[in-house]
1. Explain nothing, just compute: Karplus ³J(HN,Hα) = 6.51 cos²θ - 1.76 cosθ + 1.60, θ = phi - 60°, for every residue of the range 338-354 in order, whole Hz, x for Gly and Pro.
2. Under 1.5 on a/c is rounded, so check that first for the range 35-123, then, if it is not, pick prolate when a/b is larger than b/c and oblate when it is not; a ≥ b ≥ c are the square roots of the alpha carbon gyration tensor eigenvalues.
3. Please label the shape of the range 70-207 as rounded, prolate or oblate, based on the square roots a ≥ b ≥ c of the eigenvalues of the alpha-carbon gyration tensor (a/c under 1.5 means rounded; beyond that, a/b larger than b/c means prolate, else oblate).
4. When you take every Cα atom in the range 140-188, what is the radius of gyration, and what is Dmax, the widest Cα pair distance, in Å?
5. Roughly what angle does helix 57-69 make with the longest principal axis of the chain, taking Cα atoms, 0 to 90 degrees, to the nearest 10?
6. Return one number: the angle in degrees, 0 to 90 and rounded to the nearest 10, between the long axis of the Cα atoms of helix 325-334 and the longest principal axis of the Cα atoms of the chain.
7. Treating the beta-carbon of each Lys and Arg as +1 and of each Asp and Glu as -1, no other charges, what is the dipole magnitude of the chain about its Cα centre, to the nearest 20 debye?
8. Can you list the aspartates and glutamates whose alpha carbon is less than 12 Å from that of residue 337, not counting same-chain residues fewer than 8 positions off?
Amino acid sequence: MMKVLEGSQAVAEAVRLARVKVVSAYPITPQTHIVEELARYCAEGSLDGRFICVESEHSAMASVIGSAAGGVRSFTASSSHGLAYMHEMLHWAAGARLPIVMVDVNRALGPGWNLWMDQSDSLSQRDTGWMQFYCADGQEALDTTLQAFRLAEMVHLPAMVNLDAFFLSHTYEPVEVPDAQTVDAFLPPYEPPFKMDQGHPLGLCGVAPPGVYMEMRRNMQMAMDSVPDLLDQIEDDFFIRFGRRYGSLETYRCADADVVVVTTGTASGTARVAVDQLREQGEKAGLLRLRLFRPFPSRAVRQALEKIEKAAVLDRNCSFGSGGIFANELKAALHGKGGTAVYSYISGLGGRDITVDLIKELYTKTRDADRPDSESVWLGLKEELMLR
């Protein structure tokens, strides 16, 4: 059934269709619409699950850690400082190998106090052991949430699905909502290999001395290593049932491109328009959109860029003292594997618009440069606000 939905509502529909049994969350803008919808579903009975109201995001994650350890499908959502407040518990969820799915609506961290889009919140959690996906539209938000549950339950790791604040979370667009029976066939009931059970007592999350801790972490890495191939298998099945496929990354007009713009999230739609206009002007521009960030799809990136001279990465984030995070990941993936030069740009922080003209400026700077700058180039700054 086709519906006109906010990105947030599309996520809530996916959680309902996944037959999640426990939802716990603390409301924080701009995530609130997701959990408002889920609370309503639980209250009216269209979702046969329990909504747990808590006093903080730390407690929200603790609650779904408990429910997932008890063997039921569990979900939460957060943003910005709420996600930062969860940080300790994210490690516990991943280390306990619990397949929790969380949607983070990407919002800037303060100070100054900011409600709008950038990726600092989720990317600051990149080493916690959670898989991370970045969505470009409402349909992808719904579909990725469903895929994330299946993938998480296969590899026994939690998954974070990321949406751009307001540009996606609060924008209405047509979204195809699948029927429950088809989703049930794609995503069967969760059957955990281990769980808290009074009839069969076991210890969970106990002390891990030096003799076992390192192997536990290596096992997590091995699970992450298995994700790209398993995601391909899941998407093959998803395509058969629903007719849609995304992959760990998307390429657009890259076959003969000299410069490929690399984006994530909703900026990719703007970049696609810019690439089309540049092509009309005779430029050989292309687009690479990264959807999967953890694990980083190094093999797919190398294949996509193996014949590309220059990659211009647009980051809506900054690792202070290092630069754009996606650019640095791309450099690491390509190191020693090919001749693609990676050009790093930062823009769109705190909800500032990414425009077609800005994408064209980024492309032109990259095309005309002999080599990348040693540091990330910031685009769209207001010079009158800069320190002198």
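Every number here is computed from the coordinates shown, using simple stated rules; none is lab data. Owing to the predicted nature of the structure, the values given are computational and were not obtained by experimental measurement. Glycine also receives a Cβ, built like all others from the backbone with ideal geometry; neighbour counts cover every protein chain displayed.
1. Once θ is set to phi - 60°, the couplings for the range 338-354 become x, x, 6, 8, 9, 9, 9, 10, 10, 6, x, 6, x, x, 5, 5, 9 Hz.
2. oblate
3. Working: a/c = 2.81, a/b = 1.25, b/c = 2.25.
Oblate.
4. For the range 140-188, the Cα-based Rg and Dmax read 12.6, 33 Å.
5. So the helix axis and the longest Cα principal axis differ by about 60 degrees.
6. Long axis of 325-334 versus the principal axis of the chain: about 80 degrees.
7. Using only the charged Cβ atoms, the result is roughly 600 debye.
8. 306
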